[in-house]
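Structure first, then comments.
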Amino acid sequence: MNDTVRSRPAVLILLGPPGAGKGTQARMLEEGYGLIQLSTGDLLRAAVAAGTPAGLAAKSVMEAGGLVSDEIVLSILKDRMAEPDVAAGVILDGFPRTDAQAAALDALLAEAGQSIGAAISLEVEDEAMIARVAGRYTCAACGEGYHDEFKQPAQAGVCDKCGSLSFKRRADDTAETARQRLKAYHAQTAPLIAHYDRQGVLHRVDAMADIDTVRSSLGRVVTGLSA
Ligand code: ADP
Ligand code: ADP
Ligand code: ZN
């Protein structure tokens, strides 16, 4: 973890189905490497909570486990990418999810003179994903992710990171919706793995391993890029 800010890649993409560990690993990469996590799921949930027109349009699609329209997602992403903090480098978590989003990202980066440092595919088995999604919860105050079985706070009911006693679960984290989301992943997002393989930026990481082992594997990828 001794990478310098100067040498890190500007844009990392985390690909993987719901529950693969994208959010968990993105937060750790953010802390370890000074990159900014940019989750389109989090941005969309914020838009839903704020009741913006985009949020209102996205809400029912998200609850059903489908993909929100490229138009809405791209508009939210472009707004976020225009903020100054992302110049430090970003980890895209949950974006792109369709061919059109990947093409739009390529164009956006080309325009800004940036490129993709790595697209990392978190490789997992479908059945494990349902259990990961159904057991997921987060700290309501700081957003730290937990799991009923795989990642419990050191002291029951108290967030390790911020001490909050308040936790929440996502409305779409039911086993049934998770199956719909997996279908959307296989139909629309998994083909992007080949897109990034053709660009020569693809890295595959075994994400069936425990959280710390996956973290080490990702660390090796990121450190290798910076060398
Ligand atoms: P994603 O962002 O890809 O949907 P998350 O990072 O939210 O996935 O992880 C889903 C759930 O699984 C969370 O409850 C998280 O604590 C847990 N989790 C993440 N990575 C692992 C892992 N390698 N092994 C077991 N559980 C994990
Ligand atoms: P997960 O971490 O479980 O993969 P996310 O938080 O990334 O879930 O996304 C939750 C939901 O938000 C998705 O099921 C989808 O409805 C919507 N969503 C998030 N990112 C995108 C995207 N890039 N394109 C379309 N829909 C998206
Ligand atoms: Zn917390």
- Calculate, in nm to one decimal, what residue 110 and residue 60 gain on full extension: separation in residues at 0.36 nm each, minus their alpha carbon distance. 14.7 nm
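Quote the FRET efficiency, to the nearest 0.05, computed for residue 85 versus residue 180 with a Förster distance R0 of 25 Å and r equal to the Cβ-Cβ distance. Show your work: numbers first, answer last.
Details: r = 33 Å, r/R0 = 1.33.
Working from the Cβ atoms, E equals 0.15.
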- Query: How large is the helix-only mean residue ellipticity at 222 nm for the chain, computed as the sum of -39500 (n - 2.57) over DSSP H runs with n ≥ 4, divided by its residue count, in deg cm²/dmol to the nearest 500?
  - Reply: -13500 deg cm²/dmol
- Item | Distance in nm between pseudo-label sites at residue 142 and residue 223 (7 Å out along the Cβ direction from Cα) | 2.5
- Item | Cα-based shape type of the chain, given that a ≥ b ≥ c are square roots of the gyration tensor eigenvalues and the cut on a/c is 1.5 | rounded
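Looking at the range 63-204, send over the antiparallel percent of its DSSP beta bridges, to the nearest 5. Before the final figure, lay out the partial values.
Numbers: 6 of 9 bridges.
Here the antiparallel bridges make up roughly 65 percent for the range 63-204.
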- Message: Please compute the modelled spin-label separation between residue 70 and residue 204, points set 7 Å along Cα→Cβ, answer in nm with one decimal.
- Response: 2.7
- Amide H to amide H, which residues 5 or more places from residue 137 or on other chains are under 5 Å from it, using H placed in the peptide plane? 146, 147, 148
- Query: With every protein chain kept in the model, how would you rank 144, 149 by accessible area, 1.4 Å probe, largest at the top?
  - Reply: 149, 144
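Taking a ≥ b ≥ c as the square roots of the eigenvalues of the Cα gyration tensor of the range 113-167, is the shape rounded (a/c under 1.5), prolate (a/b larger than b/c) or oblate? Please list the in-between numbers first.
Values: a/c = 3.27, a/b = 1.45, b/c = 2.25.
Cα axes put the range 113-167 in the oblate bin.
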- Note on the structure: In the neighbourhood of residue 203 defined by beta carbon distances under 13 Å, the net charge of the other residues (Lys, Arg +1; Asp, Glu -1) is -1
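Extension gain residue 158-residue 49, at 0.36 nm per residue separation less the Cα-Cα distance, in nm?
Full-extension gain reported as 36.8 nm.
The values are calculated or read from the model by the stated rules, or taken from the named source; none is laboratory data. Keep in mind it's a predicted model, so treat the numbers as computed, not measured. In this analysis, Cβ positions are derived from the backbone assuming ideal geometry, glycine residues included, and neighbour counts consider all displayed protein chains. Surface accessibility is based on the protein's heavy atoms, side chains included, excluding ligands, DNA and RNA. Shrake-Rupley method; radii C 1.70, N 1.55, O 1.52, S 1.80 Å.
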